[in-house]
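Undergrad: Below is one structure. I have some questions about it.
The values are calculated or read from the model by the stated rules, or taken from the named source; none is laboratory data. No experiment lies behind these values; they were computed from the predicted model shown. Because the Cβ atoms are built from the backbone with ideal geometry, glycine has one as well, and the counts that use them run over all protein chains shown. Ligands, DNA and RNA are excluded from the accessible area calculation, which covers all protein heavy atoms including side chains. Shrake-Rupley method; radii C 1.70, N 1.55, O 1.52, S 1.80 Å.
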Amino acid sequence: MAKRIGKRTVRLEQKIGVIGYGAVVGKKEHEGPLGQEFDAFSDDNRFGEVSYEKAESRLQTLSVDTAVSKAGLEIGDIDCIFAGDLLNQCIGSTFGLRSTERPVVGLYGACSTMTLSLCMAATMLESGAAKTAVAVTSSHFCSAERQYRFPLEYGNQRTPTAQWTTTASGALVLTQGVGSVYIDEYCIGQIVDLGVTDQNNMGAAMAPSAADTLCHYFEDTGTTPEDFDLVFTGDLGQVGTDLLYDLVAEQGYALRCRHSDCGLLMFDREKQDVHAGGSGCGCSAAVLASYVMHRFEDGTFHDVLFCSTGALLSPTSVMQGESIPGVTHLVHLKGKK
Amino acid sequence: MKMTEKEFRQRVKRASPPSPKLKNLIWAYAVGGGICAVGQLLKVGYTALGLSADTVKMAVPCTLIFAAALLTGLRLFERLAKHAGAGTLVPITGFANAVVSPAIEYKSEGYVPGIGTKMFAIAGPVILYGTVASVIYGVIYWLIEYV
């Protein structure tokens, strides 16, 4: 059974292994530094569909199909799918997974959803309630812009702190007992709000929650950043990353040399005009289901902390002048030594 | 996290790179001025074609609105506006873009709930408060003139 360590951390006694993974991205992401790591991409932003929402659903279908087939399974072998996206009522997941005819749990944690879905899947698998599960999330630049900001054709200027929603989906197939990479521990984060109201600076809104979850984890487990090959955050971008280093340093942890941010890995900030970096819940999912898994496979990584970071805003809350709370969930991934 | 919102706000301000104001100003000045110069050229051209002064007053903005709408549809307006900022936003071209862009974008939700409802989502407040301001201006003008 899972054991609670300290205040927040949960240690899994059974190995919850990753047996398949898939990452599908858009054209801009394919042209980024990680382009060759992904399983598939499309030059067409609509992925052959009539709307951007359908395109996002298509992304999820493709990433789940890829992950399941890499695991050597059929979709019918999956007991439960934990899925999420950024669209209202999670329609990206609903319509993307409609044809799977598998039980689906829809989750929302903004850009933190990938680690949230991993935590939920791991809990279900460890309890024996399921034998195989899929964790998947997606985001699409165009569907997110439509919902959160302006029409795509509207001419406006972005601030240097703004981030670029990633068009991507990443999926992991998990099971009990086997797999060369497994989830050892996880930590569900609390909502942290230090009053940031600028929706064009979401890295700043999320940084305190990332620091909070990481420091709680280090305290609970008696570890420091040096004990890991790398600590990944989801999509803090440059501003959030700089703030995170300061916040954890104040708690006595030096993170700078052991840290990487998926939002900064996804794009070349200078050449691809993404300002502070990438964002969106497909960003950390696609980086995890490609780059991170590949480095585990080639033996570069053995011990990784992976924390997706979410900014819990809605267009309504922003218009009503509310601040932007952040949330960060963490999974500790281990590979074969 | 033992930090107050005020302390964190100051830290965010330090960590956030500011907008390149001088560059933005130069772009806005050049593009905004350019659009006005095109307007002036159109005025001269239409007048030379023998159009009456009143017709020219209508033809110039109509041409600029048409050009902005066309460029929006061709996805060229947003590329220019990304650099020009207020230079494309303030002239009548910005208003045309603000109406045409949601019309294109929300086509997927249908003619009434999509285009009909969303078309003035950005430009609506300008129309509303522009009308209100003109009424207030009119009342003040009437008071000064006739009372």
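Undergrad: Between A:GLU219 and B:LEU70, what is the label-to-label distance in nm when each label sits 7 Å out along the Cα-to-Cβ direction?
TA: Taking the two extended label points, one gets 6.4 nm.
Undergrad: List the residues, sorted by chain then number, that are 5 or more residues from A:ASP235 or on another chain and whose placed amide H is less than 5 Å from its amide H.
TA: Under 5 Å from the amide H of A:ASP235 lie the amide H atoms of A:GLY263, A:THR309, each far enough along the sequence or on another chain.
Undergrad: Summing +1 for each Lys or Arg and -1 for each Asp or Glu, what net charge is found among the other residues whose Cβ lies under 15 Å from the Cβ of B:GLY73?
TA: In short, 0.
Undergrad: Please work out how much length the chain gains when fully extended from B:ILE26 to B:VAL112, using 0.36 nm per residue of separation minus the C-alpha to C-alpha distance, in nm with one decimal.
TA: Length gained between B:ILE26 and B:VAL112: 26.9 nm.
Undergrad: State in Å² the accessible area per residue of the protein assembly as shown; use a 1.4 Å probe, count heavy atoms of protein chains only, and round to the nearest integer.
TA: 45
Undergrad: OK, next. I want the local charge near A:THR309. Using Cβ-Cβ distances under 12 Å, sum +1 for each Lys or Arg and -1 for each Asp or Glu among the other residues.
TA: Result for the neighbourhood of A:THR309: -3.
Undergrad: Which of rounded, prolate or oblate describes region A:214-301 when judged by the alpha-carbon gyration tensor and an a/c cut-off of 1.5?
TA: Oblate, because a/c is 1.5 or more while a/b does not exceed b/c.
Undergrad: Here's another thing I want to ask about it. Under the classification rounded if a/c is under 1.5, otherwise prolate if a/b is larger than b/c and oblate if not, where does region B:62-143 fall, given a ≥ b ≥ c as square roots of the Cα gyration tensor eigenvalues?
TA: The shape class here is oblate.
Undergrad: So how strong a dipole does region A:82-235 carry about its Cα centre when Lys and Arg Cβ are +1 and Asp and Glu Cβ are -1, to the nearest 20 debye?
TA: Around 800 debye, computed over region A:82-235.
Undergrad: Here is a further query. Considering only Cα-Cα distances, which of the following residue pairs are longer than 27 Å: A:LYS27/B:LYS21; A:LYS131/A:LYS336; A:LYS336/B:LYS2; A:LYS271/B:LYS82; A:LYS271/B:LYS107; A:LYS54/B:LYS118?
TA: Pairs exceeding 27 Å: A:LYS27/B:LYS21; A:LYS336/B:LYS2; A:LYS271/B:LYS107.
Undergrad: If you don't mind, another one. If contacts are Cα pairs under 8 angstrom and at least 6 residues apart, what is the relative contact order of region A:183-325 in percent?
TA: 32
Undergrad: Could you work out the local net charge near A:ILE191, counting Lys and Arg as +1, Asp and Glu as -1, over the other residues with Cβ closer than 15 Å to its Cβ?
TA: Charge balance in the 15 Å sphere: -3.
Undergrad: What does the accessible area of B:THR117 come to, in Å² to the nearest 10, when a probe of 1.4 Å is used?
TA: Result for B:THR117: roughly 90 Å² accessible.
Undergrad: Additional query: Using helices alone, what [θ] at 222 nm do you get for chain A, with -39,500 (n - 2.57) per DSSP H run of 4 or more residues, divided over all residues and rounded to the nearest 500?
TA: Taking each H run of at least 4 residues, the total per residue is -9500 deg cm²/dmol.
Undergrad: Right, next: Buried accessible area between B and A (1.4 Å probe, both chains summed, ligands and nucleic acids excluded), in Å² to the nearest 100?
TA: 2800
Undergrad: Sticking with this structure for a sec: Let me have the 222 nm mean residue ellipticity of chain B computed from DSSP H runs of 4+ only, each contributing -39500 (n - 2.57), with the sum over all residues rounded to the nearest 500.
TA: -24500 deg cm²/dmol
Undergrad: What angle do you read, to the nearest 10 degrees and between 0 and 90, between the alpha-carbon axis of helix B:53-73 and the longest principal axis of chain B?
TA: So the inclination is approximately 40 degrees.
Undergrad: A further question follows. Taking all protein chains in place and a 1.4 Å probe, what share, in percent, of the accessible surface of the protein assembly as shown do carbon and sulfur account for?
TA: 59
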